[in-house]
Structures are given as structure tokens and as C-alpha cells.
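One structure below.
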Amino acid sequence: MADSFSQRHLDQPKSGSRFTFKIDPDSFGKLSERLARFLGTGKFLFWQTLFVIMWILVNILAASNSWDPYPFILLNLAFSTQAAYAAPLILLAQNRQDDRDRISLEEDRSRAVQTKAGTEYLAREIAALRVAINEVATRDYIRGEVDKLRQDLDALAGQLSGAEPADGTGVPSGQGNRKREKPKVKAKVVLPTPTEVS
């Protein structure tokens with residue numbers, strides 16, 4: 001008793017009915033999609049056509065025991081009821097499909113935005129790498145510098161080979177028989193003056 005009293009809300013009026021009928025929208029939507037998908041198949045059209053033909057034949061041949069004589073008012077009522085229920089089910093299925101398409105479109109749009117941002121980032125990185133590569137010594141630049149140094153060394157070797165004698169001793173001409181003389185160093189003695197001594 002105490003539990004039931006504690007579950008009551010005094011600020012809300014008491015509901016008139018205790019039993020409520022709740023329908024799961026997702027489950028009902030799935031059921032409507034299945035029915036709408038079945039109504040649009042050739043199987044349904046075949047069985048419905050066969051049912052109509054049998055209905056008409058039975059009511060025409062069994063004239064005394066026919067439950068729906070011509071003009072088949074009961075059959076028209078059944079078709080009207082079917083159309084009255086089929087149209088909302090098809091609309092519900094289309095609404096669910098539109099919701100899915102909208103969600104898919106939003107995901108595609110967000111994915112496209114992310115892809116565009118990633119592409120722009122890669123383009124900036126590639127541009128930065130190109131600028132950095134232009135500032136760094138490349139293989140062709142180093143090869144050209146080495147070729148220039150080789151040409152300079154060849155020219156210097158040509159100049160040095162022109163100053164060497166024909167015998168190839170490595171000593172320039174006119175200096176082969178000359179002895180190396182040691183340089184003479186003259187010593188200079190500086191005597192102090194009388195004023196510095198006193």
C-alpha cells in the first residue's frame with residue numbers, strides 16, 4: 001500500500017484508464033514497409049487476380065447460394081478497404097525511406113566536407129614540400145657543382161703541366177742544378193745610451 005502511494009504524483013490528475021495501448025513506431029514502420037513491398041510485387045497481383053476471378057465465378061454459377069450477386073458490391077467494398085489501408089502504409093514506407101535518404105545524404109555531405117578538408121591539407125603540404133625542395137640542394141645541382149669543380153681542376157692541372165720540364169722531374173727549368181741556399185740572418189746589436197745607463 002505504501003509503495004503504491006509513493007508512486008503516485010499528487011501534482012498530476014489521476015488517469016481515467018489504467019490500460020494503455022502502445023505501438024512501437026519502428027516495428028510498425030518495418031511492418032508497413034514489408035506490406036508495401038509485397039503489394040508492389042507480381043506475386044501479389046497474381047493471387048489477387050486469381051481471387052477476383054474465383055469470387056466472380058462462384059457468385060455467378062451459384063446463383064441460388066451466392067453471397068455477393070452482380071454487381072459484386074461486397075467485392076468492391078473489399079477493394080475499397082484494401083485501398084484505404086494500402087495508401088497510408090505505402091506513404092508511411094515512403095516517409096521512412098525519405099528519412100533514411102536524408103540521413104544518408106547528411107552523412108555523404110559530411111564525408112564530402114571531410115574529404116575536401118583532407119584534400120586541401122594535402123595540397124598545402126605538397127606545396128610546402130615543393131618550396132622546401134627548391135631551397136635544398138638537389139641531385140642535379142650537386143652534379144653541376146661537381147662538374148664545375150672537375151673543370152677547374154682540369155684547367156689548374158693544365159696550367160701546372162705547362163710549367164713542368166720535358167724530363168718530368170717536377171722541378172721547373174733553370175732550377176735543377178741550383179742548390180738551395182740558406183738565407184743569411186744578420187744580427188743587429190743595440191748598445192744602451194749613456195742616459196739609459198745612468
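For segment 69-113, chymotrypsin sites (Phe, Trp or Tyr not before Pro) are listed when DSSP marks them as loop and at most 12 other Cβ atoms sit within 10 Å of their Cβ; the list is empty.
Give me the net charge for the shell around residue 96: Cβ to Cβ below 15 angstrom, other residues only, Lys and Arg +1, Asp and Glu -1. Each step should come with its number before you reach the end.
Numbers: positive: 30, 34, 37, 100, 102; negative: 24, 26, 33, 98, 99, 101.
In short, -1.
Need the full-extension length gain, residue 78 to residue 41, defined as separation in residues times 0.36 nm minus the C-alpha distance. One decimal, nm. Could you put the intermediate results ahead of the total?
On the way: separation 37, 0.36 × 37 = 13.32 nm, distance 1.96 nm.
Once the chain is fully extended between residue 78 and residue 41, it gains 11.4 nm.
Dipole magnitude for segment 24-135: computed about the Cα centre from +1 point charges on Lys and Arg Cβ and -1 point charges on Asp and Glu Cβ, it is near 220 debye. The modelled label-to-label distance between residue 23 and residue 68, using points 7 Å beyond Cα along the C-beta direction, is 2.5 nm. Of 59, 117, 93, which is farthest along the charge dipole of segment 24-135 in the positive direction, counting Lys and Arg as +1 and Asp and Glu as -1 at C-beta? Result: 59, furthest along the dipole toward the positive end.
Taken together, the values in this text are just the output of simple stated rules run on the coordinates, not laboratory data. On a predicted model such as this, the values are computed, not experimentally measured, just so you know. Reconstructed Cβ throughout: ideal geometry from the backbone, glycine too, with neighbour counts over all protein chains shown.
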